Structures are given as structure tokens and as C-alpha cells.
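What follows is a short report on a single structure.
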Amino acid sequence: MKMKLPIKIADIIIILLAVGVSGYSAYSVYSRQTSGAPHVVIQGNNQQWVFPMDAEETIPVRGPLGNTIVRIHDGWAWVESSPCDNQTCVGMGKVNETIWWAWVACLPNMVQFIIEGNSNSGEQLDGVTY
């Protein structure tokens, strides 16, 4: 004997809510992909700075532990120094726009930067496909 389970209004609401959350998540992730001139977006201390990748800048970004120094030079960006104990952010090294969605963070000091944009036309391999 088969027993049919009726679909209730709560089931429909939950399904629509799940589809909506999934759609919003996909939109928010993929809408941030940018093209055009690569640039560095630095965030820290409730502030944001944007610099082109061809800039020559040394940016002290204030965090709860002190200043994290972000350096942009010759098309590369990196954390030059940080007051955090583990120095993982410094150890991440230099990144540029050829590294797809390059992101470096000093979590203890609440400072991060991401490289957006792309100077190449997809001709190079990225970290995911390599």
C-alpha cells in the first residue's frame, strides 16, 4: 500500500526560500568578477582603498594590533610587514592579477586585500586549472 504525502504550503515556502538563497549566493559571487585594468582593493579599519596594479605605493593600514604595511610595486602586491604574531600574511608572498582572485589577509589585524580585474584575456592558466 503506497501512502501519498501531500505537499504543504510550508514545503513550498522552504523550497522557494532555498532557491532564492542559492540564486542570491551565486549572483553575489559571480557579479564581483571584474574585467578591465587590474587593481588592488585594500580593506582595514572600516576603510577601503583602491590602487591600480601599476602604482608604486606603500600603504600603512591601521588595524587593532597596529599598522600592516601593504606594498604595491612592479605590478605585484604583498604584505611587507605586520604586527601579528604568526606572520602568515607576510609569508603569503607577492601576488598579481595572473593569480585568479588573489586574496591576502592578516586576520589578527583585520586587514585584507584582493586583486580584481584582469590584464590578460584568459590565455594563461590560473591556480585552479594548473
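Observations on the structure shown:
- Restricting Ile42, Ile7 to those that are modelled with pLDDT of 90 or more and either of a type outside the set (Phe, Trp, Tyr) or in a helix (DSSP H, G or I) (or both) reduces the list to Ile42.
- Residues in the range 45-59 that are assigned to a strand (DSSP E or B) and loosely packed, with under 14 Cβ neighbours inside 10 Å: Gln47, Gln48, Val50, Pro52, Thr58.
- Residue ID - farthest from Glu57 (Cα to Cα), chosen from residues in the range 68-86 that are outside any strand (DSSP E or B) and touching a Cys at 6+ places or on another chain (Cβ under 7 Å): Cys84
- Filter pass, Ala77 being more than 14 Å from Ala105 (Cβ to Cβ) and of a type in the set (A, V, I, L, M): no
The values are calculated or read from the model by the stated rules, or taken from the named source; none is laboratory data. This is a predicted model, so every value here is computed, not measured. Using ideal geometry, Cβ is built from the backbone for each residue, glycine included, and neighbour counts are taken over all protein chains shown.
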